[in-house]
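This report concerns only the one structure given below.
The values are calculated or read from the model by the stated rules, or taken from the named source; none is laboratory data. Quick caveat: nothing in here was measured; it's all calculated off a predicted structure. When we count neighbours, we look across all protein chains shown, and the Cβ atoms used for this are built from the backbone with ideal geometry, even at glycine. The protein model used for the area step is the full one, side chains on, heavy atoms only, and it has no ligands, DNA or RNA in it. Shrake-Rupley method; radii C 1.70, N 1.55, O 1.52, S 1.80 Å.
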Amino acid sequence: MDDWDRETILRKPKARPAVIRNQSELNAAARQGAILETHRALNVANKAHHVDTDHRRIAHLDRSDDVKPPEKVTLSVSQAMRKARADKGWSQKELATKVNEKESTIKDYESGHAIPVQQILVKIERLLGVKLQGKKDIGAPLPPRGGGKNKAESTK
């Protein structure tokens, strides 16, 4: 019957670390012989997130990695566009209307200030009939579309 009177503890609560907020609580814990662990909370205010960074390496990267501006339309492309448009007798506005772009876009391409967009260059190439893409033969006439005979004609 003594078993009924005894208290049974199924689980002991774990000792939770206390958060000490001021110097007097810290001193009291040290006098009692408690295990002390100190760390600072990581936040932007105390800049603790910069503890292990190599600032010299990062500064060197910042100085050396200058962003290269995007390439503009080359002089040969802009001259070929201008010449082909003049040969057809079109104004910049007429070419822009046929390509379905703004007149300012055509002006930028012809002045060499535009960043080349392949889709626009293909449209202009087809309308003007001159090559504007690639590294060779800029301004040369485009070969006729289709590139040759039909398969049905070549088998006869």
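Considering only residues that are out of contact with any helix residue (DSSP H, G or I) (no Cβ under 6 Å at 6 or more places or on another chain) and in contact (Cβ under 8 Å) with a residue 24 or more places away in the chain, look in the stretch 80-107 and name the one that is most open to solvent (accessible area, probe 1.4 Å).
LYS83
Can you find even one residue in the stretch 64-84 that is more than 33 Å from the chain's Cα centre (by Cα), at pLDDT 90 or above and not small (Gly, Ala, Ser)?
Yes: the stretch 64-84 contains one or more residues that are more than 33 Å from the chain's Cα centre (by Cα), at pLDDT 90 or above and not small (Gly, Ala, Ser).
Would you pick out the residues in the stretch 111-156 that are over 33 Å from the mean Cα position of the chain (by Cα), modelled with pLDDT of 90 or more and assigned to a loop (DSSP other than H, G, I, E, B)?
Result: GLY129, single match.
For the stretch 122-144, which residues satisfy the criterion of being in contact with a helix residue (DSSP H, G or I) (Cβ under 8 Å, 6 or more places away or on another chain) and either closer than 14 Å to LEU75 by Cα or not β-branched (Val, Ile, Thr) (or both)?
LYS123, LEU127, LEU128, GLY129, LYS131, LEU132, GLN133, ILE138, GLY139, LEU142 - these are the residues of the stretch 122-144 that are in contact with a helix residue (DSSP H, G or I) (Cβ under 8 Å, 6 or more places away or on another chain) and either closer than 14 Å to LEU75 by Cα or not β-branched (Val, Ile, Thr) (or both).
Please specify each residue of the stretch 108-119 satisfying the condition of being among the acidic types (Asp, Glu) and either open to solvent by less than 30 Å² (accessible area, probe 1.4 Å) or in contact with a Lys or Arg (Cβ under 7 Å, 6 or more places away or on another chain) (or both). Talk me through it step by step, then tell me what you get.
First, pick out the residues of the stretch 108-119 that are among the acidic types (Asp, Glu): 108, 110.
Passing the criteria: only GLU110.
When VAL44 is evaluated against the numbered criteria (1) in a loop (DSSP other than H, G, I, E, B); (2) open to solvent by 100 Å² or more (accessible area, probe 1.4 Å); (3) at pLDDT 90 or above, which criterion, by number, is the only one it fails?
(3)
Is it the case that GLU25 is at pLDDT 70 or above, more than 44 Å from the chain's Cα centre (by Cα) and assigned to a helix (DSSP H, G or I)?
Numbers: at pLDDT 70 or above: yes; more than 44 Å from the chain's Cα centre (by Cα): yes; assigned to a helix (DSSP H, G or I): yes.
Yes; evaluated as a whole, the condition is true for this residue.
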